[in-house]
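Enquirer: Okay, here's the structure, questions in a sec.
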């Protein structure tokens, strides 16, 4: 079988080369794609093709993808958590240094100087006092969100001699193993904000985190504190932020998301969404999502999906059935009954769930008859079924 992959952005060659041409047709114009591969393209207004089986975003955030609509169709959405972590970590560290040493206003001051070499020298000596900063060792950094990026930021800050406090009620065991034991744990977000000189945000944008840094929470931060946001603009209440800066409660805001309200503010460093903009990060993200998308298309296995459970099982037998369904009772029983009525023997089975969605892999001793497949696909609650 030859799979058709629709690309909606320029995808790194490092990832595309993992799609062998004898099995994959890859193009920016495909009418009936099996999968969509993208970076920043907005899919919300796209009519979902009937043939679509997977969506893979070569990055972490999926705000440009209609995840709920795709879930209802039984279509997993893949992303690349951790693939750009080093790139973002380095930018966060750069942001801390920019704020601590007043580098941007100092640079702007120098660029505006006029006159002879002697005039500039005198102006430099006279003006440098207004840009006096501070050093990072012994300063306290709060890291909100301890996923792949947050963990790297926390560990890097420790290496700079900072004291680090972290908060993430949903931290995974995998990330806990990667986090230095020297990182202190806050009891709540409010507790963290009150104890830190700098706060770096590393949480996804969703209903719970939109406006997370409200005017009230910004008021909890230490006088003269620095807020760094390399997650999503909407996590911070911009109106409250401008007020906190204007009152000198916050000294600086460093972010990756310019807007008309903050881009020219003297206490704001707003970068043009550079977080994952390195050649290495683009390669890493592309390779990761392409490999996971390919594994799903060819074997039905799911790794790093934002809407489906992780489900990985080695192949056994001559045929594999995959079933995505609503997470309700007796779904596996109904599928098993259909298989048994067709005289099919189950060699191996894996069933996993995530919230309202469940996913099942079934390896069988022979090919699944078309009629049996149709029976399973028509079970009430089944979102999608596939025979591989």
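Enquirer: Would you compute, from DSSP H runs of 4+ residues alone, the mean residue ellipticity of the chain at 222 nm, taking -39500 (n - 2.57) per run and dividing by the full residue count, rounded to the nearest 500? Please list the in-between numbers first.
Expert: Working: 13 runs with 126 residues, N = 388.
Rounded to the nearest 500, the figure is -9500 deg cm²/dmol.
Enquirer: Quick one: which of 184-194, 69-79 comes out on top by average Cβ neighbours within 10 Å, and what's the full order, highest first?
Expert: Numbers: 184-194: 15.6, 69-79: 21.2.
Highest-to-lowest ranking by the protection proxy: 69-79, 184-194.
Enquirer: With a ≥ b ≥ c the root eigenvalues of the C-alpha gyration tensor of segment 132-248, is it rounded (a/c under 1.5), prolate (a/b larger than b/c) or oblate?
Expert: On the way: a/c = 1.97, a/b = 1.20, b/c = 1.64.
Verdict is oblate for segment 132-248.
Enquirer: What number does segment 220-359 give for Rg over Rh if you use C-alpha atoms and the Kirkwood radius?
Expert: Details: Rg = 24.5 Å, Rh = 19.7 Å.
Reported Rg/Rh (Cα atoms, Kirkwood Rh): 1.25.
Enquirer: Which of rounded, prolate or oblate describes segment 37-81 when judged by the alpha-carbon gyration tensor and an a/c cut-off of 1.5?
Expert: Verdict is prolate for segment 37-81.
Enquirer: Hey, another quick one. Sort largest first and round to whole Å: the equivalent ellipsoid semi-axes of segment 332-377, each the square root of five times a Cα gyration tensor eigenvalue.
Expert: Numbers: eigenvalues 77, 30, 14 Å².
Over the Cα atoms of segment 332-377, the semi-axes work out to 20, 12, 8 Å.
Enquirer: Ok, one more. How do 216, 47 line up, fewest other C-beta atoms within 10 Å first?
Expert: Details: 216 10, 47 5.
Lowest count first: 47, 216.
Enquirer: Report the semi-axes of the equivalent ellipsoid for segment 100-143 in whole Å, largest first, where each axis is √(5λ) for an eigenvalue λ of the Cα gyration tensor. Numbers along the way, then the final one.
Expert: Numbers: eigenvalues 168, 22, 6 Å².
One finds semi-axes of 29, 10, 6 Å for segment 100-143.
Enquirer: Out of 39, 320, 21, any idea which swings most in a Gaussian network model of the chain, alpha carbons joined below 10 Å?
Expert: 21
Enquirer: Pairing the Cα long axis of helix 117-127 with the longest principal axis of the chain, what angle in degrees results, from 0 to 90 and rounded to the nearest 10?
Expert: 80 degrees
Enquirer: For helix 279-299, report the angle its Cα long axis makes with the longest principal axis of the Cα atoms of the chain; keep it between 0 and 90° and round to the nearest 10°.
Expert: Helix 279-299 sits at roughly 20 degrees to that axis.
Enquirer: For the chain, what proportion of DSSP beta bridges, expressed in % and rounded to the nearest 5, is antiparallel?
Expert: Values: 23 of 60 bridges.
Percentage antiparallel, nearest 5: 40.
Enquirer: Treating each Cα of segment 310-388 as an identical point scatterer and ignoring solvent, apply the Debye formula and state log10 I(q)/I(0) at q = 0.20, 0.27 Å⁻¹.
Expert: These q points yield log10 I(q)/I(0) values of -0.81, -1.47.
Enquirer: What's the whole-number percent of alpha carbon pairs in the chain lying beyond 35 angstrom?
Expert: So the portion of pairs separated by more than 35 Å is 39 percent.
Enquirer: Sorted from fewest to most neighbouring beta carbons within 10 Å, what does the list 111, 101 look like?
Expert: On the way: 111 7, 101 15.
Exposure proxy ranking, most exposed first: 111, 101.
Enquirer: Something else: Run through the DSSP bridge list for segment 85-270 and note the antiparallel percent, rounded to the nearest 5.
Expert: Numbers: 0 of 24 bridges.
Roughly 0 percent of the beta bridges in segment 85-270 run antiparallel, per DSSP.
None of the figures in this text is laboratory data; all of them are computed from the coordinates on show. Nothing here was measured: the structure is a model prediction, and the numbers come from that model. Here Cβ is always computed from backbone atoms with ideal geometry, including for glycine, and neighbour counts include all displayed protein chains.
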